[in-house]
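Chemist: The structure is given below, and queries will be raised subsequently.
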There are 4 protein chains.
Amino acid sequence: MPIRILVTGGTFDKEYNELSGQLYFKDTHLSEMLRLGRCRLDVKIRTVMMVDSLEMTDADRALIVQNCAKSPEKRILVTHGTDTMTETAAAVAAAITGKTIVLTGAIIPYAFGSSDGLFNLGSALSFVQVLPPGVYIAMNGKCFAWDRVRKNRERAEFEELPEK
Amino acid sequence: MPIRILVTGGTFDKEYNELSGQLYFKDTHLSEMLRLGRCRLDVKIRTVMMVDSLEMTDADRALIVQNCAKSPEKRILVTHGTDTMTETAAAVAAAITGKTIVLTGAIIPYAFGSSDGLFNLGSALSFVQVLPPGVYIAMNGKCFAWDRVRKNRERAEFEELPEK
Amino acid sequence: MPIRILVTGGTFDKEYNELSGQLYFKDTHLSEMLRLGRCRLDVKIRTVMMVDSLEMTDADRALIVQNCAKSPEKRILVTHGTDTMTETAAAVAAAITGKTIVLTGAIIPYAFGSSDGLFNLGSALSFVQVLPPGVYIAMNGKCFAWDRVRKNRERAEFEELPEK
Amino acid sequence: MPIRILVTGGTFDKEYNELSGQLYFKDTHLSEMLRLGRCRLDVKIRTVMMVDSLEMTDADRALIVQNCAKSPEKRILVTHGTDTMTETAAAVAAAITGKTIVLTGAIIPYAFGSSDGLFNLGSALSFVQVLPPGVYIAMNGKCFAWDRVRKNRERAEFEELPEK
């Protein structure tokens, strides 16, 4: 069961630029993280973009949707900044059916020793293998339907919304 | 949905004893790992034992089975050494029905910077939430039915056995 | 031989703010770093300020000089941002005699797994114990007289200036 | 001022063998540690042996002495297990004059996240640059003359012996 991983940036992949003292994007850490986790799944990684999700445009979201659509794999993991993760999930859900698509990210960059990234990656890769078609967000060890979740910015965690 | 975590030791929780220069067990790292992963699941941790799985006896296995049986939670995660993880899984499967029980562990101790433990914990906690009742082993990003898996000792990874 | 450590901030002590996604200062990591290094020196830590050295004012520098002056210890370590470390060293050298004062810092924050901070701290604490009175900068494993060094910003390292 | 680094093993360089679950020696981490510390000193690394210092023989010590003797560099750092570091220091001191030789090591392996190795390396490399000829042990942020120090095994730290 091949899994497609689409990398879009986010805190997950932020690094420290020692020349400027700022955080920035260089390359994704996904391959290194999968090696560390000794993951033996059949995954194909594609870096779609490397952006802060606060700066993600509609065109960026359209590109992510397009990548989900054309992927032959039925199971897709999207790494994404947490600030607008639910917006991208909604855009994907509006356009794609018949695939299991899980978005995940991190609150602390992987390059920091104290990142939640490896935990979230293990979690998201597991949910994407067993959940039925649909769009989900995997954070904090939980999995939420795309339209039943929001980021609580004061607590930097995701929480379930009541059913409509 | 409360989840019971039963800690039994294994590589997961091995630490370096600076006085003797040997690896040993002190306390479990489970709480620290859940905090790092920013896990917000309702989990209850119980340390059943802290042993190397190569030294696990039939009495130890009986104690693990007993803890699975008396746990009111229907979803149980067992952290365990990798060397005899399949044996304990078999003992649990022979005695327990109607619960989802996932065993996981690590190839490298969590206290080492390069551990696979956090990835495996995120993975196992996710599988245990969504799989139907049964006994499973979650390692290498995969989830195996307890009677369809073995540890490949040359590669230090778990692999699926052909269906009987 | 007691050693005074004056903390002024700098990359050394920057942390990741998970709510804003920015780097910021909370508390100094000096005590934790000394514990990790198993340092058994008689040190007294005083946090004078927590600022980015690019934002350090003349008043800030005067405060650092004043702390060096009034410290009864003859051996003083100052942790400092690298960008204006040489300016503060010059201010200290213009005002203080009869004490061994070593400035050090880091190119990567300590909270990142890949920091040079622990190496630099071990280095600076060693130089400050054995060098004669004067003002020095300890970076990159080397120790420079305060008026014979500059930061090479393209390489993010310190280099010796030719003797005048 | 070139510095010779002689690697002999010790806790410094122990790694976790994921197949056996034991600690063992593979390659030295010295180059990686110097890179992490952004060390810009002119150092030449030579791996003389990779052994646990409890298993070090007289022949091993003779080989270390011989390497110190034939090294053209006048400043030499020896990485060494802590358990018999003072014995090797005595052997070197009995045979070599006119060179500054500093032994150092670690209480926790570098491959563990919590190692004191990087701190000790920064410290020892600094002492070796400025101390007069002689044989020293650099541990716990301090530098001891070879005949004035012992390892306190209950506390896993080095302490000064009273002058004879």
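The values are calculated or read from the model by the stated rules, or taken from the named source; none is laboratory data. The shown structure was predicted, so the numbers you read here are calculated from the model rather than taken from an experiment. Please note: Cβ atoms are built from the backbone with ideal geometry, for glycine as well, and neighbour counts cover all protein chains shown. Just the protein is used for accessible areas: all its heavy atoms, side chains included, with ligands, DNA and RNA removed. Shrake-Rupley method; radii C 1.70, N 1.55, O 1.52, S 1.80 Å.
Chemist: Evaluate the following for A:I76: is it open to solvent by 10 Å² or more (accessible area, probe 1.4 Å) and aliphatic (A, V, I, L, M)? Walk me through it before giving the result.
Modeler: On the way: open to solvent by 10 Å² or more (accessible area, probe 1.4 Å): no; aliphatic (A, V, I, L, M): yes.
Against the criterion (open to solvent by 10 Å² or more (accessible area, probe 1.4 Å) and aliphatic (A, V, I, L, M)), A:I76 does not qualify.
Chemist: Looking at region B:129-144 only, could you name the residues that are more than 8 Å from chain A (Cβ to nearest Cβ), more than 9 Å from B:T104 (Cβ to Cβ) and of a type in the set (A, V, I, L, M, F, W, C)?
Modeler: Across region B:129-144, the qualifying residues are B:V135, B:F144.
Chemist: Filtering region D:31-73 down to residues that are free of Cβ contacts under 8 Å to residues at least 60 places away in the same chain and open to solvent by less than 10 Å² (accessible area, probe 1.4 Å), which residue is nearest to D:T100 (Cα to Cα)?
Modeler: Checked region D:31-73; the qualifying residue nearest to D:T100 (Cα to Cα) is D:I64.
Chemist: A follow-up question, please. Go through (1) closer than 21 Å to D:D42 by Cα; (2) out of contact with any Gly (no Cβ under 7 Å at 6 or more places or on another chain); (3) of a type in the set (G, A, S); (4) modelled with pLDDT of 95 or more for C:A156 and report which single condition fails.
Modeler: (4)
Chemist: Oh, and also: What do you reckon, is B:L77 more than 14 Å from chain A (Cβ to nearest Cβ) and not polar (S, T, N, Q)?
Modeler: no
Chemist: In addition: Of the residues in region D:8-35, how many are modelled with pLDDT of 95 or more and of a type in the set (A, V, I, L, M)?
Modeler: Of the residues in that region, 3 qualify.
Chemist: Further question: If you go through region C:45-56 one residue at a time, do you hit one that is among the acidic types (D, E) and under 14 Å from the mean Cα position of the chain (by Cα)? Steps first, answer last, please.
Modeler: In the first step, residues of region C:45-56 are kept if they are among the acidic types (D, E); the result is C:52, C:55.
Now narrow it down to the ones that are under 14 Å from the mean Cα position of the chain (by Cα): C:52.
Scanning region C:45-56 turns up at least one residue that is among the acidic types (D, E) and under 14 Å from the mean Cα position of the chain (by Cα).
Chemist: I've got another one for you. Tally time: how many residues in region D:18-42 are more than 18 Å from the chain's Cα centre (by Cα) and of a type in the set (F, W, Y)?
Modeler: Here the count works out to 0.
Chemist: If I filter region A:71-78 for residues that are part of a helix (DSSP H, G or I), farther than 21 Å from B:L118 by Cα and touching a helix residue (DSSP H, G or I) at 6+ places or on another chain (Cβ under 6 Å), do I get at least one hit?
Modeler: No, there is no match, as no residue in region A:71-78 is part of a helix (DSSP H, G or I), farther than 21 Å from B:L118 by Cα and touching a helix residue (DSSP H, G or I) at 6+ places or on another chain (Cβ under 6 Å).
Chemist: Could you tell me how many of the residues in region A:88-108 are open to solvent by 10 Å² or more (accessible area, probe 1.4 Å) and assigned to a strand (DSSP E or B)? Even if it seems obvious, please write down each step before you answer.
Modeler: As a first pass, look at region A:88-108 and keep what is open to solvent by 10 Å² or more (accessible area, probe 1.4 Å): A:90-91, A:93-99, A:108.
Now restrict to residues that are assigned to a strand (DSSP E or B): none.
Here the count works out to 0.
Chemist: Now a separate question. Run down C:Y16, C:Y24 and say which single residue is among the aromatic types (F, W, Y), free of Cβ contacts under 8 Å to residues at least 12 places away in the same chain and out of contact with any His (no Cβ under 6 Å at 6 or more places or on another chain).
Modeler: Only one candidate passes the filter, namely C:Y24.
Chemist: Ok, one more. Of the conditions (1) farther than 22 Å from B:A124 by Cα; (2) away from chain B (no Cβ under 14 Å); (3) touching a Phe, Trp or Tyr at 6+ places or on another chain (Cβ under 8 Å), A:P109 satisfies every one except a single condition; which number is it?
Modeler: (2)
Chemist: Do the conditions hold for C:D83, that is, is it touching a residue at least 12 places away in the same chain (Cβ under 8 Å), within 27 Å of A:L23 (Cα to Cα) and either surrounded by fewer than 22 Cβ atoms within 10 Å (Cβ to Cβ) or hydrophobic (A, V, I, L, M, F, W, C) (or both)?
Modeler: Taking the combined requirement at face value, the residue satisfies it.
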